[in-house]
Amino acid sequence: QQQVKQSPQSLIVQKGGISIINCAYENTAFDYFPWYQQFPGKGPALLIAIRPDVSEKKEGRFTISFNKSAKQFSLHIMDSQPGDSATYFCAASTSNTGNQFYFGTGTSLTVIP
Amino acid sequence: KAGVTQTPRYLIKTRGQQVTLSCSPISGHRSVSWYQQTPGQGLQFLFEYFSETQRNKGNFPGRFSGRQFSNSRSEMNVSTLELGDSALYLCASSRTGTPGAFFGQGTRLTVV
């Protein structure tokens, strides 16, 4: 059972455009929602994270939007660059389960120059 | 500050053998968790160790085991390897009280 559902599976965006990746969850006990970026041959790298007490968090060109009532959250990459081409994973965890993360299935992002 | 270090980076084993993977967390990080990454199943949680004790365990068979040492370094062991165990095994560490985990580059295990 996939606890965190992620879409789309792949995404192609023009340089300078906005990339949007969506995730949905069911477990209302989740209270920490990170996004990870993974390049080929590398481990996932923590990009940005949010807790459900805020609706939006922005770090540079990356923004998380969080909708607690809909149990959805999304990653927006503004002014997308070719260097952003990677696989992005959303994840969720609860305070009670430490670093046991439930990951989405990943989105392969390609930014075309 | 050095990141999470996993050794070896690549490993080829024969079905039925056993394997041990090693992980050195970021200095000061006491929590170490392990994940299996495959194209079909994605990233799946194996187990987490904190202060040498297993804190959480994912839904994997008993052939998968781990341990953590007093210096927070961790090892995971897979016995009686199966072809389906071929995967990228990732270790992640985190600091006490701080959410978010930092991953190593992984060990690519191929079972033939």
Practice prompt. Go through segment B:20-31 residue by residue and turn each phi into a ³J(HN,Hα) via Karplus (6.51, -1.76, 1.60, θ = phi - 60°); whole Hz please, and just put x for glycine and proline.
Written response: 10, 10, 10, 9, 10, x, 4, 4, x, 8, 9, 9
Practice prompt. Report ³J(HN,Hα) in whole Hz for each residue of segment B:96-104, in order, from the Karplus equation J = 6.51 cos²θ - 1.76 cosθ + 1.60 where θ = phi - 60°; Gly and Pro get x.
Written response: 4, x, 10, x, x, 10, 10, 8, x
Discussion item. Just to be sure I understand: if you take the accessible area of chain A alone plus chain B alone and subtract the pair, with a 1.4 Å probe, what total do you get in Å², rounded to 100?
Written reply: 1500
Worksheet entry | Two-decimal ratio, chain B, of alpha-carbon radius of gyration to 2.2 N^0.38 Å | 1.00
Worksheet entry | Cβ-derived FRET efficiency at R0 30 Å, residue B:105 paired with residue B:80, nearest 0.05 | 0.70
Practice prompt. For B:89, B:10, give the ranking by accessible area with the largest first, probe 1.4 Å.
Written response: B:10, B:89
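For A:31-40, what's the mean count of beta carbons from other chains sitting within 10 Å of each residue's beta carbon?
Average per residue, whole number: 2.
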Item to complete: Quick one: go through segment B:1-39 and flag any residue whose amide nitrogen is under 18 Å from the point 7 Å out along the Cα-to-Cβ line of residue B:51.
Response: B:28-33
Response to the item:
Quick calc, segment A:1-78, dipole around Cα centre from Cβ unit charges on Lys, Arg (+) and Asp, Glu (-), nearest 20 debye, gives 200
Item to complete: Using only protein heavy atoms and a 1.4 Å probe, report how much of residue A:59 is accessible, in Å² to the nearest 10.
Response: 80
Worksheet item: Spin-label point model (7 Å from Cα, Cβ direction): what's the residue A:95 to residue A:71 distance in nm?
Response: 2.0
Worksheet item: How large, in percent, is the carbon and sulfur part of the accessible surface of segment B:2-112 at a probe radius of 1.4 Å?
Response: 48
Discussion item. Assuming 0.36 nm per residue, please report the length gained on full extension of the stretch residue A:56 to residue A:42 beyond their Cα-Cα distance.
Written reply: 2.2 nm
Item to complete: Grab the other residues whose beta carbon is less than 13 angstrom from that of residue B:61, score K and R as +1, D and E as -1, and report the net.
Response: 0
Discussion item. Can you tally the lysine pairs in the protein assembly as shown where the Cα-Cα distance is under 26 Å and the two residues are eight or more apart, or on different chains?
Written reply: 21
Worksheet item: Taking every residue in A:98-108, how many Cβ atoms of other protein chains lie within 10 Å of its Cβ, on average?
Response: 6
Worksheet entry | Kirkwood estimate for chain A, i.e. one over the average of 1/r between Cα atoms, Å | 14.1
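Sort B:108, A:61, B:15 from largest to smallest accessible area, using a 1.4 Å probe on the heavy atoms of the protein chains. Write out the running numbers ahead of the final one.
Values: B:108 105, A:61 75, B:15 155 Å².
I get B:15, B:108, A:61, largest accessible area first.
The values are calculated or read from the model by the stated rules, or taken from the named source; none is laboratory data. Given the structure is predicted, the values throughout are model-derived calculations rather than measurements. All Cβ positions, glycine included, derive from the backbone under ideal geometry; neighbour counts span all protein chains shown. Areas reflect the complete protein model, heavy atoms only, side chains present, ligands, DNA and RNA absent. Shrake-Rupley method; radii C 1.70, N 1.55, O 1.52, S 1.80 Å.
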